[in-house]
Amino acid sequence: MPKQSMREALAVARGGVNLAGYDPEDRPLAPSKHNRDLRNDDASLREMQKKLWAEGTAGSERRILLVLQGIDTAGKGGVTKHVVGVFDPIGVQYTGFKAPTKTELRHDFLWRIRKQLPIPGTIGVFDRSHYEDVLIVRVHELVPESEWRKRYELINEFEKELVDGGTTVLKCFLNISFDTQRERLIKRLDRPDKHWKFNPDDLTERGFWNEYQLAYSEMLERCNTEYAPWYIVPSDHKKYRNWAIGELLHETLSELDPQYPNPPLDIPTLKEKLAPPN
């Protein structure tokens, strides 16, 4: 029986999605019960990323967009630091989306997203994304329901456009429990070096936990397509979360199988020109 892939293990089931059925403490495919045993092949990841970047310099349109969504403290920053951080920075584009500016609000909701799309050869990281426009917008009733409901199909069409243009879209929902979020918020208060990360508004948002769970569930259901599927990553264990997303990236890069370009160089002649003068 073939070994199950991480993508298969974390893929969102087709049909209705109820997050209550996904355990944030689960650890699918973990090699043991010890988190210390969770190690990605960082050298292999870096090598494949270098090849992807090299392809881009030679005209390839291929690139990866890693979308990270999750409630506050789910670990989007941690994934960026510990997983994406193993890559060569020259081939990474990171964007952390905040509340839209007045200028951005004057355009359609995908306008600011399009401006931050990764260029060929890169791995783009979206810390939050276009999905905020069917999440916080929905929970806080920032636009009429008739408007945000239309956005599911607009997002699907947008992602199909990206995929058709050479982008592999890798979407990860970082799933944590209500209790784990509480523990992480308390740790921020207990550590002076983490106080800068604590936002009192997070406590207000915590009061909308159930509403967010419903919004995430519908997002996962309505925008889980064959060309841009969602993966639910159990994220109560930070090391497991990082390892699982590292494995998703490894599988994705392995499937792309990037190769160094092979330009038509006349090596002997070029070396002769570089030879020291007699």
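Could you tell me whether any residue of the range 197-204 is farther than 24 Å from Thr252 by Cα and open to solvent by less than 30 Å² (accessible area, probe 1.4 Å)? The answer is yes; a qualifying residue exists.
This table checks each residue for (1) closer than 17 Å to Asp72 by Cα; (2) touching a Lys or Arg at 6+ places or on another chain (Cβ under 8 Å); (3) in contact (Cβ under 8 Å) with a residue 12 or more places away in the chain.
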position	(1), (2), (3)
Asp179	yes, no, no
Lys194	yes, yes, no
Asp202	yes, no, yes
Trp209	yes, no, yes
Gln213	yes, no, yes
Leu220	no, no, yes
Tyr227	no, yes, yes
Ile232	yes, no, yes
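Any chance you could count how many residues in the range 75-85 are buried (at least 16 other Cβ atoms within 10 Å of the Cβ) and on the phi < 0 side of the Ramachandran plot? Residues in the range 75-85 being buried (at least 16 other Cβ atoms within 10 Å of the Cβ) and on the phi < 0 side of the Ramachandran plot: 7 in total. A single entry from Ala244, Ala228 fulfils the requirement of being under 22 Å from Phe87 (Cα atoms) and touching a strand residue (DSSP E or B) at 6+ places or on another chain (Cβ under 7 Å): Ala244. Please work out which residue is surrounded by the fewest Cβ atoms within 10 Å (Cβ to Cβ), limiting yourself to the range 150-183 and to residues that are under 16 Å from Ser129 (Cα atoms) and among the aromatic types (Phe, Trp, Tyr). Only one residue fits best here, namely Tyr152.
Could you please let me know if Asp133 is under 30 Å from Lys187 (Cα atoms), modelled with pLDDT of 95 or more and of a type outside the set (A, V, I, L, M)?
On the way: under 30 Å from Lys187 (Cα atoms): yes; modelled with pLDDT of 95 or more: yes; of a type outside the set (A, V, I, L, M): yes.
Yes.
Please enumerate the residues belonging to the range 86-122 that are of a type in the set (Phe, Trp, Tyr) and open to solvent by less than 70 Å² (accessible area, probe 1.4 Å).
Once the filter is applied, which keeps residues that are of a type in the set (Phe, Trp, Tyr) and open to solvent by less than 70 Å² (accessible area, probe 1.4 Å), the range 86-122 yields Phe87, Phe97, Phe109.
Scanning the range 40-47 for residues that are closer than 19 Å to Ser5 by Cα, surrounded by 13 or more Cβ atoms within 10 Å (Cβ to Cβ) and of a type in the set (A, V, I, L, M, F, W, C) turns up at least one hit.
Using the structure shown, decide if Leu256 is open to solvent by less than 10 Å² (accessible area, probe 1.4 Å) and either charged (D, E, K, R) or modelled with pLDDT of 95 or more (or both). So Leu256 fails the test.
Residues of the range 103-153 that are hydroxyl-bearing (Ser, Thr, Tyr) and closer than 20 Å to Gly77 by Cα: Thr122, Ser129, Tyr131. Contact annotation: residue pairs with Cβ atoms under 7 Å, 6 or more positions apart or on different chains, pairing a residue in the range 140-169 that is among the basic types (Lys, Arg) with a partner that is surrounded by 14 or more Cβ atoms within 10 Å (Cβ to Cβ), are Arg151/Phe109; Arg151/Asp133; Arg151/Val134.
The values are calculated or read from the model by the stated rules, or taken from the named source; none is laboratory data. Source: prediction; values computed, not measured. FYI the Cβ positions are ideal-geometry reconstructions off the backbone, even for glycines, and counts take in every protein chain you see. To get the accessible areas, we keep the full protein, side chains included, count just its heavy atoms, and leave off ligands, DNA and RNA. Shrake-Rupley method; radii C 1.70, N 1.55, O 1.52, S 1.80 Å.
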